[in-house]
Amino acid sequence: MSPAAPAVRIHPADSVAVAVRALIAGEELVVAGERVVLAEDVPAGHKLALRPLARGETVVKYGFPIGAATAPIGRGAWVHSHNLKTCLEGMLEYTYEPADVRVGAQHAAPLQTPLPASTFMGYRRANGRVGTRNEVWILNTVGCVNHAAERIAREGAALFNGRIDGVYNFSHPYGCGQLGDDLAHTQQVLAGLMRHPNAGGVLVLGLGCENNQMDALLQLAGPVERERLRYFNSQDVADEVEAGLEALGQLVAAVAGDRREECSASDLILGHKCGGSDGLSGITANPLVGRIADRLTALGGGVILTEVPEMFGAERALMNRAVDETVFRATVALVNDFKSYFLRHQQPIYENPSPGNVAGGLTTLEEKSLGAIQKGGRAPVTQVLRYGEPAATRAGGLALLESPGNDGVSSTALVASGATLLLFTTGRGTPLGFPVPTLKVSSNTAIAAKKPHWIDFDAGAVLDGAATMDRLADDLFTLILDVASGRALTNNEKHGYREIAIWKEGVTL
(Lines give C-alpha, C1' and ligand atoms only; values in the text may rest on other atoms or scores of the structure.)
Protein backbone atom coordinates (compact mmCIF):
# COMPACT_ATOMS: atom_id res chain seq x y z
CA MET A 1 0.00 0.00 0.00
CA SER A 2 1.54 3.33 -1.04
CA PRO A 3 1.56 6.16 1.50
CA ALA A 4 -1.52 8.39 1.36
CA ALA A 5 -2.99 6.46 -1.58
CA PRO A 6 -6.52 7.74 -2.35
CA ALA A 7 -7.66 4.19 -3.17
CA VAL A 8 -6.14 0.74 -2.80
CA ARG A 9 -6.45 -2.58 -4.57
CA ILE A 10 -6.11 -5.33 -1.95
CA HIS A 11 -5.24 -8.28 -4.22
CA PRO A 12 -3.78 -8.33 -7.76
CA ALA A 13 -6.83 -10.24 -9.01
CA ASP A 14 -9.32 -7.67 -7.69
CA SER A 15 -11.66 -5.91 -10.11
CA VAL A 16 -12.42 -3.19 -7.56
CA ALA A 17 -10.41 -0.87 -5.35
CA VAL A 18 -11.42 0.70 -2.03
CA ALA A 19 -11.55 4.47 -1.55
CA VAL A 20 -9.37 5.54 1.38
CA ARG A 21 -10.99 8.99 1.39
CA ALA A 22 -14.07 10.45 -0.25
CA LEU A 23 -13.47 10.64 -3.99
CA ILE A 24 -15.04 13.14 -6.36
CA ALA A 25 -16.39 12.50 -9.87
CA GLY A 26 -13.81 13.44 -12.49
CA GLU A 27 -10.89 12.90 -10.13
CA GLU A 28 -7.99 11.03 -11.74
CA LEU A 29 -6.31 8.27 -9.73
CA VAL A 30 -3.47 5.87 -10.22
CA VAL A 31 -4.36 2.55 -8.56
CA ALA A 32 -1.89 -0.34 -8.68
CA GLY A 33 -0.14 1.38 -11.58
CA GLU A 34 -3.33 1.92 -13.59
CA ARG A 35 -4.98 5.26 -14.40
CA VAL A 36 -8.64 5.52 -13.37
CA VAL A 37 -10.94 8.53 -13.80
CA LEU A 38 -13.85 8.61 -11.34
CA ALA A 39 -17.18 8.35 -13.15
CA GLU A 40 -19.06 9.42 -9.99
CA ASP A 41 -18.50 10.26 -6.34
CA VAL A 42 -17.31 7.35 -4.20
CA PRO A 43 -17.56 7.64 -0.37
CA ALA A 44 -14.61 6.65 1.80
CA GLY A 45 -14.50 2.90 2.43
CA HIS A 46 -16.60 2.17 -0.67
CA LYS A 47 -15.59 0.40 -3.88
CA LEU A 48 -14.82 1.67 -7.36
CA ALA A 49 -14.52 -0.42 -10.51
CA LEU A 50 -11.02 -0.79 -11.94
CA ARG A 51 -12.36 -2.08 -15.25
CA PRO A 52 -15.72 -2.36 -17.00
CA LEU A 53 -17.94 -5.09 -15.56
CA ALA A 54 -20.82 -6.68 -17.47
CA ARG A 55 -24.20 -7.45 -15.95
CA GLY A 56 -23.91 -10.81 -14.15
CA GLU A 57 -20.11 -10.68 -14.07
CA THR A 58 -18.37 -11.72 -10.84
CA VAL A 59 -16.85 -8.88 -8.83
CA VAL A 60 -13.60 -9.75 -7.08
CA LYS A 61 -12.14 -8.32 -3.83
CA TYR A 62 -9.51 -9.91 -1.55
CA GLY A 63 -8.84 -12.17 -4.53
CA PHE A 64 -12.25 -13.86 -4.07
CA PRO A 65 -15.74 -13.28 -5.54
CA ILE A 66 -17.88 -10.94 -3.43
CA GLY A 67 -20.97 -11.02 -5.65
CA ALA A 68 -22.19 -10.31 -9.17
CA ALA A 69 -22.94 -7.07 -10.99
CA THR A 70 -26.69 -6.45 -11.36
CA ALA A 71 -26.11 -3.88 -14.12
CA PRO A 72 -23.26 -2.87 -16.40
CA ILE A 73 -20.60 -1.04 -14.38
CA GLY A 74 -18.17 1.33 -16.06
CA ARG A 75 -14.53 1.83 -15.21
CA GLY A 76 -14.26 4.29 -12.32
CA ALA A 77 -17.91 3.79 -11.25
CA TRP A 78 -19.10 3.38 -7.67
CA VAL A 79 -19.80 -0.28 -6.85
CA HIS A 80 -22.33 -0.85 -4.06
CA SER A 81 -25.85 -2.09 -3.27
CA HIS A 82 -27.37 -0.46 -6.35
CA ASN A 83 -25.31 -2.59 -8.75
CA LEU A 84 -23.90 -5.55 -6.78
CA LYS A 85 -25.65 -8.56 -5.24
CA THR A 86 -24.64 -11.67 -3.34
CA CYS A 87 -24.03 -14.95 -5.16
CA LEU A 88 -24.61 -17.04 -2.05
CA GLU A 89 -27.68 -19.24 -1.74
CA GLY A 90 -28.80 -22.39 0.06
CA MET A 91 -26.83 -25.02 1.95
CA LEU A 92 -23.47 -26.10 0.55
CA GLU A 93 -21.32 -29.20 0.50
CA TYR A 94 -17.63 -29.01 1.34
CA THR A 95 -14.52 -31.02 0.49
CA TYR A 96 -11.39 -30.93 2.61
CA GLU A 97 -8.55 -29.40 0.59
CA PRO A 98 -5.97 -28.78 3.30
CA ALA A 99 -3.65 -25.83 3.10
CA ASP A 100 -0.09 -26.17 4.41
CA VAL A 101 -0.69 -24.93 7.94
CA ARG A 102 1.12 -26.46 10.86
CA VAL A 103 1.33 -25.46 14.51
CA GLY A 104 4.51 -24.16 16.11
CA ALA A 105 7.07 -21.44 15.54
CA GLN A 106 9.22 -23.61 13.29
CA HIS A 107 6.30 -24.30 10.91
CA ALA A 108 4.41 -21.02 11.13
CA ALA A 109 2.96 -19.19 8.18
CA PRO A 110 5.26 -16.42 6.85
CA LEU A 111 5.73 -13.96 9.70
CA GLN A 112 7.75 -11.04 10.83
CA THR A 113 10.42 -12.00 13.38
CA PRO A 114 8.63 -12.30 16.74
CA LEU A 115 9.40 -9.59 19.25
CA PRO A 116 12.17 -10.48 21.70
CA ALA A 117 9.74 -9.83 24.58
CA SER A 118 7.63 -12.94 24.10
CA THR A 119 6.67 -13.12 27.77
CA PHE A 120 4.21 -11.30 29.99
CA MET A 121 3.55 -11.06 33.70
CA GLY A 122 0.43 -13.09 34.44
CA TYR A 123 -1.41 -14.86 37.24
CA ARG A 124 -0.83 -18.59 36.97
CA ARG A 125 -3.74 -20.53 38.44
CA ALA A 126 -3.66 -23.99 39.99
CA ASN A 127 -5.30 -25.54 36.92
CA GLY A 128 -2.53 -24.28 34.64
CA ARG A 129 -4.45 -21.43 33.05
CA VAL A 130 -2.98 -17.92 33.22
CA GLY A 131 -4.97 -14.77 33.89
CA THR A 132 -4.18 -11.19 32.93
CA ARG A 133 -6.02 -9.76 35.95
CA ASN A 134 -6.62 -10.83 39.55
CA GLU A 135 -10.20 -9.76 40.20
CA VAL A 136 -13.21 -11.00 42.14
CA TRP A 137 -16.30 -11.46 40.00
CA ILE A 138 -19.87 -11.53 41.27
CA LEU A 139 -22.23 -13.62 39.14
CA ASN A 140 -25.95 -14.04 39.67
CA THR A 141 -28.00 -17.11 38.79
CA VAL A 142 -31.10 -15.05 38.06
CA GLY A 143 -32.04 -11.47 37.20
CA CYS A 144 -34.07 -11.12 40.41
CA VAL A 145 -30.86 -10.49 42.39
CA ASN A 146 -29.18 -8.13 39.93
CA HIS A 147 -29.46 -5.08 42.16
CA ALA A 148 -28.21 -6.93 45.21
CA ALA A 149 -25.19 -8.13 43.21
CA GLU A 150 -24.56 -4.60 41.96
CA ARG A 151 -24.70 -3.20 45.51
CA ILE A 152 -22.34 -5.88 46.83
CA ALA A 153 -19.88 -5.10 44.02
CA ARG A 154 -20.09 -1.34 44.53
CA GLU A 155 -19.61 -1.48 48.29
CA GLY A 156 -17.00 -4.24 48.02
CA ALA A 157 -14.98 -2.32 45.43
CA ALA A 158 -14.72 0.63 47.82
CA LEU A 159 -14.04 -1.54 50.85
CA PHE A 160 -11.26 -3.61 49.26
CA ASN A 161 -9.82 -0.98 46.91
CA GLY A 162 -6.13 -1.58 46.21
CA ARG A 163 -5.95 -5.11 47.60
CA ILE A 164 -6.74 -6.82 44.27
CA ASP A 165 -7.27 -5.67 40.68
CA GLY A 166 -10.96 -5.01 41.24
CA VAL A 167 -14.42 -6.28 42.21
CA TYR A 168 -17.01 -6.50 39.43
CA ASN A 169 -20.51 -7.88 38.93
CA PHE A 170 -21.97 -9.03 35.61
CA SER A 171 -25.74 -8.79 35.68
CA HIS A 172 -28.22 -10.35 33.24
CA PRO A 173 -32.03 -10.69 33.14
CA TYR A 174 -32.21 -14.50 32.79
CA GLY A 175 -32.35 -17.64 34.93
CA CYS A 176 -36.08 -17.70 35.75
CA GLY A 177 -38.68 -19.52 33.66
CA GLN A 178 -36.07 -20.90 31.25
CA LEU A 179 -35.95 -24.42 29.87
CA GLY A 180 -33.93 -26.50 27.41
CA ASP A 181 -31.29 -24.77 25.29
CA ASP A 182 -32.46 -21.39 26.54
CA LEU A 183 -31.50 -22.29 30.12
CA ALA A 184 -28.40 -24.17 28.96
CA HIS A 185 -27.01 -21.05 27.26
CA THR A 186 -27.35 -19.06 30.48
CA GLN A 187 -25.66 -21.79 32.48
CA GLN A 188 -22.86 -22.32 29.94
CA VAL A 189 -21.82 -18.67 30.01
CA LEU A 190 -21.99 -18.38 33.78
CA ALA A 191 -20.02 -21.61 34.20
CA GLY A 192 -17.38 -20.33 31.80
CA LEU A 193 -17.05 -17.09 33.76
CA MET A 194 -16.74 -19.06 37.02
CA ARG A 195 -13.76 -20.95 35.56
CA HIS A 196 -12.06 -17.89 34.11
CA PRO A 197 -8.43 -17.28 35.15
CA ASN A 198 -8.92 -13.50 35.39
CA ALA A 199 -11.31 -14.19 38.28
CA GLY A 200 -9.07 -14.99 41.24
CA GLY A 201 -12.27 -15.40 43.22
CA VAL A 202 -15.96 -15.78 42.33
CA LEU A 203 -19.11 -15.10 44.35
CA VAL A 204 -22.28 -16.63 42.92
CA LEU A 205 -25.46 -15.03 44.17
CA GLY A 206 -28.72 -16.92 43.74
CA LEU A 207 -32.33 -16.40 44.77
CA GLY A 208 -33.40 -19.96 45.51
CA CYS A 209 -36.55 -20.68 43.50
CA GLU A 210 -35.22 -20.04 39.96
CA ASN A 211 -34.92 -22.62 37.18
CA ASN A 212 -31.19 -21.96 37.10
CA GLN A 213 -30.54 -23.84 40.33
CA MET A 214 -27.27 -23.26 42.13
CA ASP A 215 -26.31 -26.96 42.43
CA ALA A 216 -26.71 -27.60 38.72
CA LEU A 217 -24.68 -24.52 37.83
CA LEU A 218 -21.85 -25.48 40.18
CA GLN A 219 -21.77 -28.99 38.75
CA LEU A 220 -21.57 -27.63 35.20
CA ALA A 221 -18.70 -25.32 36.14
CA GLY A 222 -16.61 -28.31 37.19
CA PRO A 223 -13.63 -28.32 39.53
CA VAL A 224 -13.41 -24.64 40.49
CA GLU A 225 -11.05 -24.11 43.44
CA ARG A 226 -13.42 -24.15 46.41
CA GLU A 227 -11.36 -21.73 48.53
CA ARG A 228 -11.79 -19.22 45.72
CA LEU A 229 -15.53 -19.75 45.35
CA ARG A 230 -18.41 -18.59 47.56
CA TYR A 231 -22.12 -18.98 46.84
CA PHE A 232 -25.49 -18.71 48.55
CA ASN A 233 -29.17 -18.21 47.80
CA SER A 234 -30.60 -14.92 48.99
CA GLN A 235 -33.76 -16.59 50.31
CA ASP A 236 -31.61 -18.53 52.79
CA VAL A 237 -29.97 -15.55 54.53
CA ALA A 238 -31.30 -12.66 56.58
CA ASP A 239 -29.48 -9.91 54.67
CA GLU A 240 -28.09 -10.83 51.25
CA VAL A 241 -25.91 -7.71 50.96
CA GLU A 242 -24.36 -8.28 54.37
CA ALA A 243 -23.81 -11.97 53.58
CA GLY A 244 -22.36 -11.04 50.20
CA LEU A 245 -19.87 -8.58 51.67
CA GLU A 246 -18.78 -11.17 54.22
CA ALA A 247 -18.21 -13.73 51.45
CA LEU A 248 -16.43 -11.11 49.39
CA GLY A 249 -14.06 -10.39 52.27
CA GLN A 250 -13.18 -14.08 52.48
CA LEU A 251 -12.47 -14.20 48.76
CA VAL A 252 -10.31 -11.09 48.81
CA ALA A 253 -8.30 -12.55 51.68
CA ALA A 254 -7.79 -15.73 49.64
CA VAL A 255 -6.58 -14.02 46.46
CA ALA A 256 -4.90 -10.82 47.67
CA GLY A 257 -1.59 -12.65 48.02
CA ASP A 258 -1.52 -13.74 44.37
CA ARG A 259 1.40 -12.27 42.47
CA ARG A 260 2.21 -11.91 38.82
CA GLU A 261 4.96 -14.12 37.45
CA GLU A 262 6.74 -14.26 34.14
CA CYS A 263 4.76 -16.38 31.70
CA SER A 264 5.36 -17.38 28.10
CA ALA A 265 3.27 -15.77 25.37
CA SER A 266 2.06 -19.33 24.76
CA ASP A 267 -0.04 -18.91 27.91
CA LEU A 268 -2.09 -16.14 26.30
CA ILE A 269 -5.50 -16.76 24.74
CA LEU A 270 -6.79 -13.82 22.73
CA GLY A 271 -10.33 -13.36 21.49
CA HIS A 272 -10.64 -11.57 18.12
CA LYS A 273 -13.84 -9.70 17.30
CA CYS A 274 -15.07 -6.98 14.93
CA GLY A 275 -18.02 -4.65 15.36
CA GLY A 276 -19.22 -1.61 13.48
CA SER A 277 -17.06 -2.55 10.49
CA ASP A 278 -16.50 -0.30 7.49
CA GLY A 279 -14.94 -0.71 4.06
CA LEU A 280 -11.48 -0.09 5.53
CA SER A 281 -11.72 -2.78 8.24
CA GLY A 282 -10.58 -5.46 5.81
CA ILE A 283 -7.61 -3.34 4.72
CA THR A 284 -6.26 -2.08 8.05
CA ALA A 285 -7.59 -3.29 11.40
CA ASN A 286 -8.57 -6.87 10.56
CA PRO A 287 -5.34 -7.75 8.69
CA LEU A 288 -3.37 -6.14 11.53
CA VAL A 289 -5.14 -8.29 14.12
CA GLY A 290 -4.57 -11.25 11.78
CA ARG A 291 -0.85 -10.62 12.01
CA ILE A 292 -1.15 -10.80 15.78
CA ALA A 293 -2.94 -14.15 15.38
CA ASP A 294 -0.09 -15.44 13.23
CA ARG A 295 2.54 -14.19 15.64
CA LEU A 296 0.92 -15.47 18.81
CA THR A 297 0.04 -18.89 17.42
CA ALA A 298 3.59 -19.23 16.07
CA LEU A 299 4.73 -18.75 19.66
CA GLY A 300 2.33 -21.48 20.81
CA GLY A 301 -0.44 -19.21 22.06
CA GLY A 302 -4.12 -19.42 21.22
CA VAL A 303 -6.62 -17.19 19.39
CA ILE A 304 -10.40 -17.64 19.35
CA LEU A 305 -12.48 -16.43 16.41
CA THR A 306 -16.28 -16.41 16.50
CA GLU A 307 -19.30 -14.74 14.78
CA VAL A 308 -20.18 -17.79 12.67
CA PRO A 309 -22.63 -15.92 10.37
CA GLU A 310 -19.72 -13.66 9.43
CA MET A 311 -17.85 -16.70 8.16
CA PHE A 312 -20.59 -17.45 5.59
CA GLY A 313 -19.14 -16.93 2.15
CA ALA A 314 -15.57 -17.27 3.41
CA GLU A 315 -15.89 -20.54 5.32
CA ARG A 316 -13.89 -22.62 2.85
CA ALA A 317 -10.79 -20.54 3.56
CA LEU A 318 -11.11 -21.49 7.25
CA MET A 319 -12.09 -25.11 6.65
CA ASN A 320 -9.02 -25.78 4.54
CA ARG A 321 -6.79 -24.47 7.32
CA ALA A 322 -8.00 -27.24 9.63
CA VAL A 323 -5.05 -29.24 10.96
CA ASP A 324 -6.78 -32.54 10.22
CA GLU A 325 -9.98 -33.98 8.82
CA THR A 326 -11.56 -34.26 12.28
CA VAL A 327 -11.25 -30.52 12.78
CA PHE A 328 -12.45 -29.97 9.19
CA ARG A 329 -15.61 -32.02 9.84
CA ALA A 330 -16.23 -30.14 13.08
CA THR A 331 -15.90 -26.84 11.19
CA VAL A 332 -18.38 -27.98 8.54
CA ALA A 333 -20.83 -28.98 11.28
CA LEU A 334 -20.35 -25.61 13.00
CA VAL A 335 -21.18 -23.69 9.81
CA ASN A 336 -24.05 -25.91 8.66
CA ASP A 337 -25.64 -26.02 12.11
CA PHE A 338 -25.68 -22.23 12.17
CA LYS A 339 -27.22 -22.07 8.72
CA SER A 340 -29.90 -24.49 9.93
CA TYR A 341 -30.47 -22.21 12.93
CA PHE A 342 -31.21 -19.33 10.54
CA LEU A 343 -33.56 -21.47 8.45
CA ARG A 344 -35.32 -22.77 11.56
CA HIS A 345 -36.19 -19.20 12.47
CA GLN A 346 -37.17 -18.34 8.88
CA GLN A 347 -34.26 -15.98 8.43
CA PRO A 348 -32.26 -15.66 5.19
CA ILE A 349 -28.91 -17.43 5.49
CA TYR A 350 -27.07 -14.83 3.49
CA GLU A 351 -28.50 -11.60 4.87
CA ASN A 352 -26.70 -8.44 3.78
CA PRO A 353 -24.49 -6.65 6.33
CA SER A 354 -26.10 -4.35 8.91
CA PRO A 355 -27.13 -0.79 7.96
CA GLY A 356 -24.00 0.61 9.59
CA ASN A 357 -21.80 -1.82 7.66
CA VAL A 358 -23.54 -0.91 4.41
CA ALA A 359 -23.09 2.80 5.08
CA GLY A 360 -19.41 2.09 5.69
CA GLY A 361 -19.01 0.49 2.26
CA LEU A 362 -19.74 -3.23 2.75
CA THR A 363 -22.27 -4.55 0.22
CA THR A 364 -22.58 -8.34 0.42
CA LEU A 365 -22.04 -10.95 3.09
CA GLU A 366 -19.19 -12.48 1.08
CA GLU A 367 -17.40 -9.15 1.19
CA LYS A 368 -17.97 -8.69 4.91
CA SER A 369 -16.98 -12.28 5.72
CA LEU A 370 -13.80 -12.21 3.63
CA GLY A 371 -12.76 -9.09 5.51
CA ALA A 372 -13.86 -10.43 8.90
CA ILE A 373 -11.96 -13.72 8.78
CA GLN A 374 -8.72 -11.81 8.26
CA LYS A 375 -8.72 -11.37 12.03
CA GLY A 376 -7.61 -15.02 12.16
CA GLY A 377 -4.61 -14.35 9.92
CA ARG A 378 -3.23 -17.52 8.37
CA ALA A 379 -3.07 -19.48 11.61
CA PRO A 380 -3.99 -23.18 11.54
CA VAL A 381 -7.45 -24.09 12.84
CA THR A 382 -6.83 -26.50 15.72
CA GLN A 383 -10.11 -26.45 17.68
CA VAL A 384 -13.84 -26.04 17.11
CA LEU A 385 -15.72 -24.98 20.23
CA ARG A 386 -19.44 -25.06 20.87
CA TYR A 387 -21.05 -22.21 22.78
CA GLY A 388 -19.65 -22.02 26.31
CA GLU A 389 -17.09 -24.77 25.74
CA PRO A 390 -13.64 -23.97 27.19
CA ALA A 391 -10.66 -23.70 24.87
CA ALA A 392 -8.00 -26.32 25.50
CA THR A 393 -4.95 -24.98 27.30
CA ARG A 394 -1.75 -24.80 25.26
CA ALA A 395 -3.46 -26.20 22.17
CA GLY A 396 -2.19 -23.23 20.19
CA GLY A 397 -3.54 -22.25 16.80
CA LEU A 398 -6.92 -20.79 15.95
CA ALA A 399 -10.11 -21.96 17.65
CA LEU A 400 -13.49 -21.38 15.95
CA LEU A 401 -16.28 -20.73 18.44
CA GLU A 402 -20.04 -21.12 17.99
CA SER A 403 -21.75 -17.78 18.55
CA PRO A 404 -23.86 -15.26 16.60
CA GLY A 405 -22.57 -11.97 15.23
CA ASN A 406 -24.12 -9.79 17.95
CA ASP A 407 -21.23 -7.83 19.52
CA GLY A 408 -22.21 -8.34 23.16
CA VAL A 409 -23.11 -12.01 22.82
CA SER A 410 -20.07 -13.02 20.77
CA SER A 411 -17.60 -11.07 22.91
CA THR A 412 -19.03 -12.60 26.07
CA ALA A 413 -18.77 -16.04 24.46
CA LEU A 414 -15.08 -15.43 23.77
CA VAL A 415 -14.52 -14.66 27.45
CA ALA A 416 -16.57 -17.65 28.64
CA SER A 417 -14.40 -19.92 26.47
CA GLY A 418 -11.24 -18.60 28.11
CA ALA A 419 -9.99 -15.51 26.24
CA THR A 420 -8.10 -13.37 28.74
CA LEU A 421 -7.85 -10.31 26.49
CA LEU A 422 -9.99 -9.23 23.51
CA LEU A 423 -8.91 -7.44 20.32
CA PHE A 424 -12.01 -5.67 18.99
CA THR A 425 -11.70 -4.02 15.58
CA THR A 426 -14.12 -1.27 14.55
CA GLY A 427 -14.56 1.29 11.80
CA ARG A 428 -17.50 3.13 13.28
CA GLY A 429 -16.78 2.86 17.01
CA THR A 430 -18.53 1.39 20.03
CA PRO A 431 -18.13 1.89 23.80
CA LEU A 432 -18.79 -1.78 24.62
CA GLY A 433 -16.46 -3.52 27.04
CA PHE A 434 -16.46 -6.97 28.58
CA PRO A 435 -15.20 -8.82 31.67
CA VAL A 436 -11.61 -8.96 30.34
CA PRO A 437 -9.45 -6.12 28.97
CA THR A 438 -10.89 -5.18 25.56
CA LEU A 439 -8.48 -3.44 23.17
CA LYS A 440 -10.39 -1.44 20.53
CA VAL A 441 -8.50 -1.23 17.24
CA SER A 442 -9.83 1.36 14.77
CA SER A 443 -9.75 0.86 11.01
CA ASN A 444 -9.43 4.59 10.38
CA THR A 445 -7.76 7.52 12.09
CA ALA A 446 -10.89 9.68 12.06
CA ILE A 447 -12.78 7.51 14.56
CA ALA A 448 -9.64 7.17 16.72
CA ALA A 449 -9.37 10.97 16.87
CA LYS A 450 -13.09 11.45 17.49
CA LYS A 451 -13.39 8.77 20.18
CA PRO A 452 -10.05 8.54 22.02
CA HIS A 453 -11.93 7.31 25.12
CA TRP A 454 -13.16 4.30 23.08
CA ILE A 455 -10.22 3.51 20.79
CA ASP A 456 -6.99 2.04 22.15
CA PHE A 457 -5.02 1.59 18.93
CA ASP A 458 -5.27 3.22 15.50
CA ALA A 459 -4.69 0.87 12.56
CA GLY A 460 -5.70 3.65 10.17
CA ALA A 461 -2.20 5.08 10.47
CA VAL A 462 -1.11 2.72 7.69
CA LEU A 463 -3.36 4.51 5.19
CA ASP A 464 -1.60 7.89 5.33
CA GLY A 465 1.90 6.43 5.49
CA ALA A 466 2.36 7.34 9.17
CA ALA A 467 3.35 3.73 9.88
CA THR A 468 3.91 0.48 8.05
CA MET A 469 1.86 -2.62 8.80
CA ASP A 470 4.99 -4.27 10.20
CA ARG A 471 5.53 -1.38 12.59
CA LEU A 472 1.89 -1.39 13.68
CA ALA A 473 2.04 -5.14 14.34
CA ASP A 474 5.13 -4.66 16.50
CA ASP A 475 3.50 -1.81 18.42
CA LEU A 476 0.21 -3.63 18.92
CA PHE A 477 1.93 -6.80 20.11
CA THR A 478 3.93 -4.75 22.61
CA LEU A 479 0.71 -3.11 23.83
CA ILE A 480 -0.94 -6.53 24.21
CA LEU A 481 1.93 -7.74 26.41
CA ASP A 482 1.77 -4.52 28.46
CA VAL A 483 -1.98 -4.85 28.98
CA ALA A 484 -1.68 -8.56 29.79
CA SER A 485 0.99 -7.71 32.35
CA GLY A 486 -1.08 -4.99 34.01
CA ARG A 487 1.35 -2.25 32.95
CA ALA A 488 -1.39 -0.64 30.86
CA LEU A 489 -5.18 -0.47 31.10
CA THR A 490 -7.62 -0.51 28.20
CA ASN A 491 -10.23 2.20 27.76
CA ASN A 492 -13.02 -0.17 28.76
CA GLU A 493 -11.22 -0.68 32.09
CA LYS A 494 -10.49 3.02 32.61
CA HIS A 495 -14.09 4.05 31.99
CA GLY A 496 -15.90 1.11 33.59
CA TYR A 497 -17.36 -0.40 30.41
CA ARG A 498 -17.88 -4.03 31.50
CA GLU A 499 -20.90 -6.17 30.73
CA ILE A 500 -22.08 -9.54 29.48
CA ALA A 501 -24.77 -10.68 27.05
CA ILE A 502 -26.13 -14.21 26.68
CA TRP A 503 -27.31 -15.94 23.49
CA LYS A 504 -31.05 -16.56 23.50
CA GLU A 505 -32.52 -19.05 21.02
CA GLY A 506 -34.58 -17.33 18.33
CA VAL A 507 -33.70 -13.86 19.60
CA THR A 508 -30.05 -13.28 18.73
CA LEU A 509 -28.91 -13.81 15.15
Please arrange CYS176, CYS263 by accessible surface area, largest first, computed with a 1.4 Å probe and ligands excluded.
CYS176, CYS263
Please work out how much accessible surface ILE500 shows to a 1.4 Å probe, ignoring ligands, DNA and RNA, in Å² rounded to 10.
20 Å²
How are the C-alpha pair distances of the chain spread across 10 Å bins, as whole percents from the shortest bin up?
4, 19, 29, 25, 15, 6, 2, 0
Please compute, for the alpha-carbon atoms of the stretch 297-338, the extent along each of the three principal axes and give them in descending order in Å.
31, 21, 15
Which trypsin sites (Lys or Arg not before Pro) from the stretch 452-501 combine a DSSP loop assignment with at most 14 other Cβ atoms within 10 Å?
ARG487
Tell me the volume per residue, in Å³, of the convex hull enclosing the alpha carbons of the stretch 328-433.
119 Å³
Which Cα, out of ASN198, TRP454, SER417, lies furthest along the positive dipole direction of the chain (beta carbon charges, K/R +1, D/E -1)?
TRP454
Cα centre as origin, Lys/Arg/Asp/Glu Cβ charges: the stretch 255-295 dipole, Debye
100 debye
Ranking by accessible area, most exposed first, for THR382, THR364 with a 1.4 Å probe:
THR382, THR364
So what is the diffusion coefficient of the stretch 130-206 in µm² per second by Stokes-Einstein at 10 °C and 1.306 mPa s, using a Kirkwood Rh over Cα pairs?
123 µm²/s
Report the FRET efficiency, 1/(1 + (r/R0)^6), for LEU489 and GLU325, where r is their Cβ-Cβ distance and R0 is 51 Å, rounded to 0.05.
0.75
With viscosity set to 1.002 mPa s at 20 °C, what whole-number translational diffusion coefficient in µm²/s follows for the stretch 364-408 from Stokes-Einstein and a Kirkwood radius over Cα pairs?
178 µm²/s
How long are the semi-axes of the equivalent ellipsoid of the stretch 231-305, taking √(5λ) for every eigenvalue λ of the Cα gyration tensor, in whole Å from largest down?
41, 21, 9
Where a Cα-Cα gap under 19 Å defines reach, which lysines qualify for LYS504, not counting those fewer than 8 residues away within the same chain?
LYS339
How much accessible area does MET469 have with a 1.4 Å probe, in Å² rounded to the nearest 10?
30 Å²
If you plug each phi of the stretch 274-281 into the Karplus form 6.51 cos²θ - 1.76 cosθ + 1.60 with θ = phi - 60°, what whole-Hz ³J(HN,Hα) values come out, in order, with x for Gly and Pro?
10, x, x, 6, 9, x, 9, 4
What accessible area, in Å² to the nearest ten, does a 1.4 Å probe give for PHE232?
30 Å²
Output the DSSP H helices from the chain with an along-axis C-alpha extent of no less than 15 Å and a mean Kyte-Doolittle hydropathy no less than 0.5.
240-255, 469-484
With only helices counted (DSSP H, runs n ≥ 4, each -39500 (n - 2.57)), the per-residue ellipticity at 222 nm for the chain, to the nearest 500, works out to -8500 deg cm²/dmol
Rounded to the nearest 0.05, what FRET efficiency do ASP181 and GLU93 have when you use their Cβ-Cβ distance and R0 = 35 Å?
0.85
Accessible-area order for HIS147, HIS82, HIS172, largest to smallest, probe 1.4 angstrom, reads HIS147, HIS82, HIS172
Round to a whole angstrom and tell me the spacing of the C-alpha centers of the stretch 1-54 and the stretch 445-465.
22 Å
Over the Cα atoms of the stretch 385-509, what is the Rg over Rh ratio if Rh follows Kirkwood?
0.98
Fraction in percent of alpha-carbon pairs per bin - 5 Å, the stretch 147-192
5, 19, 21, 16, 15, 12, 8, 4, 0
Within the stretch 63-88, what residues put their amide N at less than 11 Å from the label point 7 Å along the Cα-to-Cβ vector of GLU27?
none
The answer for the net charge of residues other than ASN127 whose Cβ lies under 15 angstrom from its Cβ, with Lys and Arg +1 and Asp and Glu -1, is +3
Give me the compactness ratio for the stretch 179-335, meaning the Cα radius of gyration over 2.2 N^0.38 Å.
1.37
So what's the gap between the Cα centers of the stretch 323-382 and the stretch 165-221, to the nearest angstrom?
29 Å
As an exercise, use a Förster radius of 35 Å and the Cβ-Cβ distance of ALA392 and GLN250 to find the FRET efficiency, rounded to the nearest 0.05.
0.65
Dipole axis of the stretch 360-509 (+1 Lys, Arg; -1 Asp, Glu on Cβ), positive-most option in LEU489, LEU439, GLY396:
LEU489
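The values are calculated or read from the model by the stated rules, or taken from the named source; none is laboratory data. Quick caveat: nothing in here was measured; it's all calculated off a predicted structure. No Cβ is skipped: glycine too gets one built from the backbone with ideal geometry, and neighbour counts run over all protein chains shown. To get the accessible areas, we keep the full protein, side chains included, count just its heavy atoms, and leave off ligands, DNA and RNA. Shrake-Rupley method; radii C 1.70, N 1.55, O 1.52, S 1.80 Å.
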